[in-house]
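Report on the structure given below.
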Amino acid sequence: MSSSGAAGAGSTDSTAARRNTKRPKYSKFTQQELPACKPILTPRAVISAFLLVSVVFVPVGVASLLASRKVCLRDIMYDSKCIPKNVTNKVAYIQSSADKACSITLNVTKHMKSPVYIYYQLDNFYQNHRRYVKSRSDEQLRKRGEENETSTCKPEDMVNGRAIVPCGLIAWSLFNDTYSFSVNKRNLTVNKKGISWKSDRNHKFGKDVFPKNFQNSSIIGGAHLNESIPLREQEDLIVWMRTAALPTFRKLYGKIEEDLKEGELINVTLNNNYNTYSFNGKKKLVLSTTTWLGGKNDFLGIAYLTVGGLCFFLALAFTIVYFVKPRQLGDPSYLSWNRNPGGH
Amino acid sequence: MVSSSSSFASAPEFIISNNEVDNEIDILSKIQSNNSKLPNWGRRVRLALQTAKEIDTLHSSTPPVIHRDIKSANVLIDRNFNARLAEVQCEQPNNSLYTFTGNLILQNQTLPVSPNQLLLRGCSLRNTEYIVGVVIFTGHETKVMMNAMNVPSKRSTLERKLDKLILTLFATLFVMCFIGAVGSAVFVNKKYFYLHLESSEEGGAQFDPRNRFLVFLLTMFTLITLYSTIIPISLYVSIEMIKFIQSTQFINKDLHMYHLETNTPALARTSNLNEELGQVEYIFSDKTGTLTRNLMEFFKCSIGGEVYGTGVTEIERGIAERSGKKIEENISSNAVREKGFNFDDPRLMRGAWRNEPNPDNCKEFFRCLAICHTVLPEGDESPEKIKYQAASPDEAALVIAAKNFGFFFYRFKQLHCFLLRTPTMIYVRESHVEKMGKIQDVPYEILNVLEFNSTRKRQSVVCRYPDGRLVLYCKGADTVIYERLADGNNDIKKVTREHLEQFGSSGLRTLCLAYKELHPDVYESWNEKFIQAKSSLRDRERKLDEVAELIEHDLILIGSTAIEDKLQEGVPACIETLKRAGIKIWVLTGDKIETAINIGYACNLINNEMKQFIISSETDAIREVEERGDQIEIARFMKEEVKKELKSCLEEAQSYFSSLSGPKLALVIDGKCLMYALDPSLRVMLLNLSLNCHAVVCCRVSPLQKAQVNLFLKAIKDWWCLDFNYGALQVTSLVKKGAQKITLSIGDGANDVSMIQAAHVGVGISGLEGMQAVMASDFAIAQFRYLADLLLVHGRWSYLRICKVVTYFFYKNLTFTLTQFWFTFQAGFSGQRFYDDWFQSLYNVIFTALPVIIVGLFDKDVSASLSKKYPELYMEGIRNVFFKWRVVAIWAFFSLYQSLIFYYFVSSSSLSGKNSAGKTFGLWDVSTMAFTCVVVTVNLRLLMICNSITRWHYISVGGSILAWFIFIFLYSGISTPYDRQENMYFVIYVLMSTLYFYLTLLLVPVAALFCDFIYQGVQRWFFPYDYQIIQEMHRHDDTDTSRAHLLEIGNNLTPAEARSHAISQLPREISKHTGFAFDSPGYESFFAAQLGVFAPTKAWDVARRASMKSRPKIGHK
């Protein structure tokens, strides 16, 4: 018992009296004397905290900015380029069954090391809309026997009374532009394996679940699926079904597993099938390499540098103030009742 | 027995008859059990007949009395085996505890029933085998139940302000929802074909662009549920928990507030008001028992114009010290000291009074003390072992004094309190009366007791000596006794009056004693009237008073007594501390104006530095009008006078107030003036004046302290008392309503209950005067000095902690909800959740719940000893600096900033590939990352507001962050079979497989807390709070030892030490005035005159005239 300090007054009591006493028991908790450290935000502490942050942040910022700069990225917007000039009603054109093949060229401005990732980027496309996000059936995607679990998929749940696999708006609106690349008339192979997260592939999409009744309704939203390939291997679908956070998003289309040299002209032949015209969405084709940090992302580096730099300048400013107009620690003249006698 | 009571309940109220009754009345069952007395058959039949008749009476009354089976125990019989039929007439049920009027009609004989015979609900019987009684009131009609006031449920001001904050949050919620809903109604469009907006399936109406108004409405509801996290529901639960632990663990168990002598710890009776204790600006205090000990000690007396008693009161000592004099004390070794008696004068002790100039006077004085009272002796009939049971300690002190003077009251025999025929006997063992050393037992027959009440302010006893002599002894307040004295003997009267004033200014409580011989014929004729009055049903009190007036005149003055009521330990120091804390103190006392001012000085309430305003009703002008006796005229005149006074005081006060360095102000006002000043037309003025005063003494507000002489079951139903309660209540409510300041009432007696309940915080002193005050209070402490701990330590900490908890809750929920709100803009206003349902639900419950409770319990800005060393810190609470709208706005600004950082820093980079395999994040990856950042940041932000960080802070903050990671590892790692969208599956592992996640997790919290940190740094550097300076001043102290050290000092300070400490805090200058210094015009000359120092009489010398009316200046002493 550490009651020595506080129980001194009662120490002479007889044991009987002590039993009857209502004297509260001493404990550090009830006496609110728990040992505590009392950090005081002294000017020195402020300055050193700022310095510490800048010392950590500036190098990290520089490193991530360098990484981001090392990434080679080529992108091209093709949604307007791939509409013939004489077409006025773009929506009608895209919905027609005409051949919408289109050819564009990209020149490689910098050496792109293998692998080069191919992305498509959509704009003003709300994959995060509430109606859209919930319009899928994970049960159905995962297990063969659950294909009638389409209650969450409305309005793309059934066609002619039979369940659609995969059901729901997400799958229904699957992106269906296709790209093929050639350099100097030599076709580049696009590897479409391994473009989805492995966890999605292995756990969310069954290897014995095959598309059924897909895109059989009156309106066709997007791509068709090969009904003989299980969903687990339909990686375009898997990528698409990992809904994006923002209305502007990129999704991986495939990868080119050879270097693209500087100055090369890449010929892209694409089938412009997907309708973004009705909602004025833009489509972009993006070729990018990666580093340890992923794709091109200047933001992170700039943010790090900004915070680190600001901290450095603040540390400087505070130091100057500290020397020019110091406030002595614990100066009683700063107490309100000393500044303003009478306490009013 | 037939009574007017209707039904029997478990806890009824009885009227009782005395033991003696069983001489005449018996219960049938008792006889039955005693075979020897079994009645014969004829008597049995008669009994049965009589019983049947009674039942018939019961049945035929309208409305019929409902009764159960008649048991033999219900039948009362008399000695002749006749069943008794009695009728009780009594008043309607009411809530007045101390009054009862009724009659018991028994055999055509009407017996008065008074409160003496009434046994209230909950009373227990002691020293009595059994009683025979009649149930009068039952259940809710009992006086006790009807008196049970609706205890006002008190909520703290901070909580009420919190309600406003919650309302603001609700308003914000609706604005956010409205914006979102309008956005949704505008957004929905057929063109987003992939959303199938125009489909007609069930539930599709929410986004159907064909009915945009419906879209608006439905989205509104969706968003309300989505943003509902902005309302911190768990805040109330957390605050309740924190406050409960604060009150039960900290306040109740504080060793600093444990009183060893009475074995009483502090008790928080409610946990609602902890933080209110940190904002109290006005304290209303009762005097007796609160500031003083309510331990009455016979201290001095004046007999036949001679002062006896050599003691020096604390107040005199204080006055002397203040004026720089030194008082020599010579305590003789053979002085008798016991509880209630602190008197020493060899001229009176051990029969020495026989050698005094007028021993007869002394004898009457002592007899009066021994006879004229309502004290009951208990225990062994020896002077050492006897114990006196008295309702008030004053009376006990007087009887103990008589004992020590050789008039030992040792036996009391009350023969019959019900039937007034047989008298009460008082046995007194008198020593040295006939001659030195002779001891004789004398029985005195008490014929009538004219009881004390606060209109009468006196008590008389008519007694018959063994030799048949009839004497009336009377004791009471000087004013009432002097009115009733016989002419002549003016010298003694004058001298005694001087003594009374002298006693008064020393802070002693005085009583005058007088007696009168009665002629038997005069007595007999008066006694008839008395009995008549005593059995009247209507206005019994008033009639008794009138009858008493008939006999209480032409009295002969014997002398006066002076009783000391010592200040409680540590009161001056405590008041000094509270004053420095910016708390303004009102003392409500029944004392005379001079006594009150002296007490004020003694306990540091008033000092010479203060400018005093005195508003007294005892001016010549008022007296003149009063003597004319026209009530309406008096009222009108008084009101005018009070108005005039108030106005001039207020003007003067404002002139002081406008100049910053002016003196502090004190107001002394007496009860009558207060009554008029509380008139609606003057109330504002009074409020303005009193709010500017640092100390207010209201004197003569309570019934004179002598009212407490009475048994508490007896009489205090009189206008003065009611008016006092009303008055006190009004005073408290006035400040409560008018100024939005927080008030605290502290008292110990039943008459403080209304005051305690009316104030924001009621504190009861668990002292000598029963538990009423404690039962009505919110906090109970044993000593006044613990108020400093309660307010400055517990109150201040609670306030700080609750403020932190509330603002932090506000911040964390706002931040969290705002990130969700920003997402809404980029999700087509569809009401899509940014976070998973579970994240949102558990955010308040697990991930951020515990640390804030830890802060609410453990945060300490400065230690307890420093809190008391720098009471000025308390002013931050009074000014409410930590929970102003400005503070809330700053928090709101930072949560806006942080939410923007969270949302945009995390989401802006969602476009590009996130690992070297070029894969991108989806919605749930981004949201989980954002949520992780929020949890980490919000928990770290908590550490930034802590003033002291214990182990528990680390554990709880670390634990909360850890809990989030454990949760998300499990939640996204286990794939549950049913009823779950598998959005979250493996999300955290995906995130943690990228370096990007770690970089974000480092960047976002730092960037978010960056601004807060700058703010805190700048605030501390350039605009430091007082507590921060104190922290800096004592940053190297070892706090653990310093508090224990203070504990020793705080508990072991003797009164003298406390007093000298308090005095040492006073400015060390000899007063500007002569004699001992009272800085008010009236007192200077008054006290100076008493010490024989000449001071010119001035026209405005109000108080002097009040007490020295028609008294020539005699240089006494």
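Name every residue in segment B:826-862 that is in a helix (DSSP H, G or I) and within 10 Å of chain A (Cβ to nearest Cβ), in order of residue number.
B:Gln826, B:Leu857, B:Phe858
Counting just the residues of segment B:609-632 that are more than 26 Å from B:Thr510 (Cβ to Cβ) and touching a residue at least 40 places away in the same chain (Cβ under 8 Å), which one comes out surrounded by the fewest Cβ atoms within 10 Å (Cβ to Cβ)?
Selected residue: B:Glu609.
Is one or more of the residues making up segment B:257-269 surrounded by 21 or more Cβ atoms within 10 Å (Cβ to Cβ) and assigned to a helix (DSSP H, G or I)?
Scanning segment B:257-269 turns up at least one residue that is surrounded by 21 or more Cβ atoms within 10 Å (Cβ to Cβ) and assigned to a helix (DSSP H, G or I).
Quick one: in segment B:567-584, which of the residues that are part of a helix (DSSP H, G or I) and among the β-branched types (Val, Ile, Thr) is most open to solvent (accessible area, probe 1.4 Å)?
B:Thr577
Can you name the residue in segment B:217-243 that is open to solvent by 40 Å² or more (accessible area, probe 1.4 Å) and more than 14 Å from chain A (Cβ to nearest Cβ) and, of all such residues, is farthest from B:Leu162 (Cα to Cα)?
B:Leu217
If I ask for residues that are among the small types (Gly, Ala, Ser) and either buried (at least 16 other Cβ atoms within 10 Å of the Cβ) or within 14 Å of chain B (Cβ to nearest Cβ) (or both), which ones from segment A:247-291 would you list?
Selection gives A:Gly254, A:Ser278, A:Gly281, A:Ser288.
Only residues in segment B:519-534 that are within 16 Å of B:Glu546 (Cα to Cα) and among the charged types (D, E, K, R) count as the first member; pair them with residues that are part of a helix (DSSP H, G or I) and open to solvent by less than 50 Å² (accessible area, probe 1.4 Å), Cβ under 6 angstrom, at least 6 apart or cross-chain, and list the lot.
B:Lys529/B:Val547
Does any residue of segment A:36-47 turn out to be more than 7 Å from every other protein chain (Cβ to nearest Cβ), of a type outside the set (Ser, Thr, Tyr), over 18 Å from B:Ser948 (Cα atoms) and surrounded by fewer than 18 Cβ atoms within 10 Å (Cβ to Cβ)?
yes
Any chance segment B:863-881 includes a residue that's assigned to a helix (DSSP H, G or I), over 30 Å from B:Leu273 (Cβ atoms) and either within 14 Å of another protein chain (Cβ to nearest Cβ) or free of Cβ contacts under 8 Å to residues at least 24 places away in the same chain (or both)?
Scanning segment B:863-881, I find no residue that is assigned to a helix (DSSP H, G or I), over 30 Å from B:Leu273 (Cβ atoms) and either within 14 Å of another protein chain (Cβ to nearest Cβ) or free of Cβ contacts under 8 Å to residues at least 24 places away in the same chain (or both), so the answer is no.
Just for segment B:161-212: of the residues that are more than 30 Å from A:Lys90 (Cβ to Cβ) and within 14 Å of another protein chain (Cβ to nearest Cβ), which one is surrounded by the fewest Cβ atoms within 10 Å (Cβ to Cβ)?
B:Glu202
Give the residue that is modelled with the lowest pLDDT, with candidates limited to residues of segment A:203-253 that are part of a helix (DSSP H, G or I) and not charged (D, E, K, R).
Looking at residues that are part of a helix (DSSP H, G or I) and not charged (D, E, K, R), I get A:His203.
In segment A:169-224, what residues are free of Cβ contacts under 8 Å to residues at least 12 places away in the same chain and under 26 Å from the mean Cα position of the chain (by Cα)?
Of everything in segment A:169-224, those that are free of Cβ contacts under 8 Å to residues at least 12 places away in the same chain and under 26 Å from the mean Cα position of the chain (by Cα) turn out to be A:Lys198, A:Ser199.
Going through B:Ser895, B:Ser841, B:Ser867 one at a time, which residue ends up being more than 41 Å from the chain's Cα centre (by Cα) and open to solvent by less than 30 Å² (accessible area, probe 1.4 Å)?
Of B:Ser895, B:Ser841, B:Ser867, the one residue that is more than 41 Å from the chain's Cα centre (by Cα) and open to solvent by less than 30 Å² (accessible area, probe 1.4 Å) is B:Ser895.
Condition first: in a helix (DSSP H, G or I) and either at pLDDT below 90 or touching a Cys at 6+ places or on another chain (Cβ under 9 Å) (or both). Now tell me which residues in segment B:938-956 satisfy that.
Within segment B:938-956, B:His953 is the sole residue that qualifies.
The values are calculated or read from the model by the stated rules, or taken from the named source; none is laboratory data. This is a predicted model, so every value here is computed, not measured. With ideal geometry, Cβ positions are generated from the backbone for all residues, glycine too; neighbour counts draw on all protein chains shown. Surface areas here come from the heavy atoms of the whole protein model, side chains and all, with no ligands, DNA or RNA. Shrake-Rupley method; radii C 1.70, N 1.55, O 1.52, S 1.80 Å.
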